[in-house]
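What follows is calculated from the coordinates using simple rules that are stated; it is not laboratory data. From a predicted model like this one, the values you see are computed outputs, not experimental measurements. Cβ: placed from backbone, ideal geometry, glycine included. Neighbour counts: every protein chain shown.
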Amino acid sequence: MHENSRYQLAFDNISTLLEKHTSLLDAFSDIEPVILELFDAQRMSIFQRRRQHQDLVARFKTGKATQEIKVPISPLSIAGYVALAQRPVLIANPYDKEELASIHPRVRFADKFDKSSNFKTNNILCVPVMNAGVLLGVMQVINKQTGPFNDKDLELAEQLTELLGNKFRYELGGTNNPFDLLLHKNQISPTVLNDIVEGSADQRTIIQRLMSEHRIREGDIGNTLSVHYQVPYIGFVPEKYHLFQNESRLNQSYLKRNLVAVIADAHDRPIVLMAEPNNAALIMEIESAMGIDSYEIAVGLPNQILQYLGDGSAGGSPGDMSEILDEISAGDDEKDEHVDEMSDDAPVVVRLVSRVLHDAKRLDASDIHIDPEKNGPTRVRMRIDGVCRDMSQIPQSYHNAVIARIKILSNLNIAEKRVPQDGKLAFRTNGQLVEVRVATIPTVAGEGVVMRILASGGAMPIEKMNLAPSNMHRLESMIKKPHGILLVVGPTGSGKTTTLHAVLGYLNTPEKKIWTAEDPVEITQAGLQQVQVSPKIGFTFANALRAFLRADPDIILIGEMRDKETAHAGIEASLTGHLVLSTLHTNSAPETITRLLDLGLDPVNFSDACVGILAQRLIRTLCKNCKEEYDATEDDIAFIKRQYGEAYLDELNLPNPIRLHRAKGCEACGDTGYKGRTGVHELLSMTPELRGLVYKEGSVADMKKQAMKDGMRTLVQDAIYKVIKGDTDLTQVQIVSGAE
């Protein structure tokens, strides 16, 4: 009786203290000593769940300082596990691995806090703070002085957390029922809501009725669920989120039945999207099946979750990727013994290839990579804004059928699997014809395919190329010359063809006859005679060029100078009074000269013919909606000075203080901070001094030095100019320069 009286007195005392305070943080310093005395313990902390992050924050008193601890909601800490499992634990010795394993195989004790102080944790009592079935936080009591915590302590702790949950429910956020916020905002009356809830079999039906009968928007319903469950709401935003891919693909029917989708953002961070995110047992099952330690939990509406999973009836297009893969995995079990009999024209294979192509166009991907893996599923990746992203996985048994289907569409030989093949296919999306260049390459794991989605539409205006004013002025003077050769150089996918067509668009007037030989013809312009070369039948760039010379041209575009014969023909054409434009795969403008001389070109002929070389790269641009300005740090300024060169720094007219921009992230850019790409350029003019060096076959370093005297600025210098201008950030400059 005496013991129970002591407990009751302590509880009454805690209740009185709580009445005096409106916030948990204010109350903590008062209730902490009473709770410690109640449990005869040394320390305690109350972790608060943060709604926008999948973690807990503990504020606790140590002397006069208030420190904050953050731990993820995961088995990597005791408090994190209790929050995840939503059940209490008593731990006699947190350093005993066997005891921890008996609770859950992956539970760990985060001993870093012990290591950073003289304190040692001997035993732990940890209890979730719940209210209306929703996790609000965790209470942890450490080091009972008279031996380990017992069942009576656990009973007391549960009563105490119930008291805290009731008192601080609204401070921590949340509502008693999922749709209370709609009542609070007067979007529906209590009577009507009650009728809907009572007359509906499940939450999915309630949500459908709220939307169809009472015109309540998805966003408002998502928000009320977010406040109730204390997790962020995520709608169906396929541009921002995609299905998370890893080794273990959860059964699709299981996910649909439980209304769960494991999605990922632009940074490939996994998010478990659930219709009812307070289902701790389901979260534990998914975590175990996926084998992931770090992830976020979010709430979604049932129909939106099914859209991520590719359910056509939920509003997604019939034949969404996940639906197709689910159909494949269901059929896979039946076909294990007949793997090679899968036909390339099987409906599921046809739909799968079609879906991949349509998704790539919708996401503005430049390339699709279908990569076989030995003893594993085939990976489908897409390059978006220059960065490769995992999109989906195809079971290994379907790999050959998918490759065969792509080959048939591209008019390639499906029987030949030993040598690379090149082809082209076209498909329609939203009434628009999209052309795709296809390359198959045999690998040790099987045939791989890379598909380049060709640019459709007209040429970009030259003023949209984002050339620095000095480069624009010099380029205009070069292309106005009646004859000569202008080369645009850079790696694959650096925008060389786009630049050449922008130049042709500038030169394309009725008095000029322009012929182009391309492989393939990507961009079409009225007034140009455009020819598709076909090396298979012997119609090469060199042959096309010779044919053009008999067709009275003023300007000739040759898609690529990939061999000595084409380079020779281009030089001859420029020396006989034509302006020749072409591309080459080299890293910088000065290197291009030595590359062509190595091909066996005559230095005198080349230096006389060449009017200029434009090297370029594409870098990511900052999202205009969310980029943020900041004062450049000393390190930033030192980097700019070092990379631009002290001798040229005055050209930049740097303000004081220097203000730069950095990536932040918003919905428009998928939280990456970047949207779109722009070019950085290095324009070399062929001056008399540089010609002298070419005659002598001087070194790349000497040519670069002379070109910079003549006005050339390097790719890195141009990138820094675009940082100062606010187009991009220093991270992108480091990618171009390879410097820290």
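Laid out as a table, the results:
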read-out: Under the Karplus curve 6.51 cos²θ - 1.76 cosθ + 1.60, θ = phi - 60°, whole-Hz ³J(HN,Hα) for region 157-166, x wherever Gly or Pro sits; value: 4, 5, 5, 5, 5, 5, 4, 5, x, 5
read-out: Nearest-20 debye value, region 598-740 charge dipole, Cβ charges on Lys, Arg, Asp, Glu; value: 320 debye
read-out: Euclidean distance of C-alpha centroids, region 594-625 and region 653-668, integer Å; value: 31 Å
read-out: Percent of Cα pairs exceeding the 34 Å cut-off, where the set is the chain; value: 63 percent
read-out: Separation of the GLN42 and ASP650 label points, Cα + 7 Å toward Cβ, nm; value: 6.8 nm
read-out: Cα-based shape type of region 643-740, given that a ≥ b ≥ c are square roots of the gyration tensor eigenvalues and the cut on a/c is 1.5; value: prolate
read-out: Where labels lie 7 Å past Cα in the beta-carbon direction, separation of GLN734 and THR633 in nm; value: 1.0 nm
read-out: Hydrodynamic radius by Kirkwood, which averages 1/r over all alpha carbon pairs of region 2-168, in angstrom; value: 16.2 Å
read-out: Neighbourhood charge, 14 Å Cβ-Cβ cut-off, centred on GLU522 and excluding it, Lys, Arg +1 and Asp, Glu -1; value: -1
read-out: Exposure proxy order (Cβ contacts within 10 Å, fewest to most) of VAL349, VAL700, VAL680; value: VAL700, VAL349, VAL680
read-out: Expected 222 nm ellipticity per residue - DSSP helices of 4 or more, -39500 (n - 2.57), all of the chain, to 500; value: -11500 deg cm²/dmol
read-out: ³J(HN,Hα), Karplus 6.51/-1.76/1.60, whole Hz, each residue of region 220-232, x for Gly, Pro; value: 5, 5, x, 5, 5, 5, 4, 5, 5, 8, 6, 9, x
read-out: Amide proton proximity set for LYS424, modelled H, under 5 Å, gap of 5+; value: VAL438
read-out: Debye, to nearest 20: dipole size of the chain, +1 on Lys, Arg Cβ, -1 on Asp, Glu Cβ; value: 1740 debye
read-out: Dipole of the chain, positive end: most advanced residue of ASN123, SER74, GLY219 [Cβ charges, Cα centre]; value: GLY219
read-out: Cross-link reach list, lysines versus LYS725, counting only Cα pairs under 27 Å and skipping chain neighbours closer than eight places; value: LYS464, LYS496, LYS624, LYS627, LYS641, LYS664, LYS675, LYS704, LYS705, LYS709
read-out: Qualifying GluC sites (Glu not before Pro) for region 627-731 [loop in DSSP, other Cβ within 10 Å: at most 13]; value: GLU697
read-out: Fewest-first ranking of ARG204, ARG428, using other Cβ atoms within 10 Å as the exposure measure; value: ARG428, ARG204
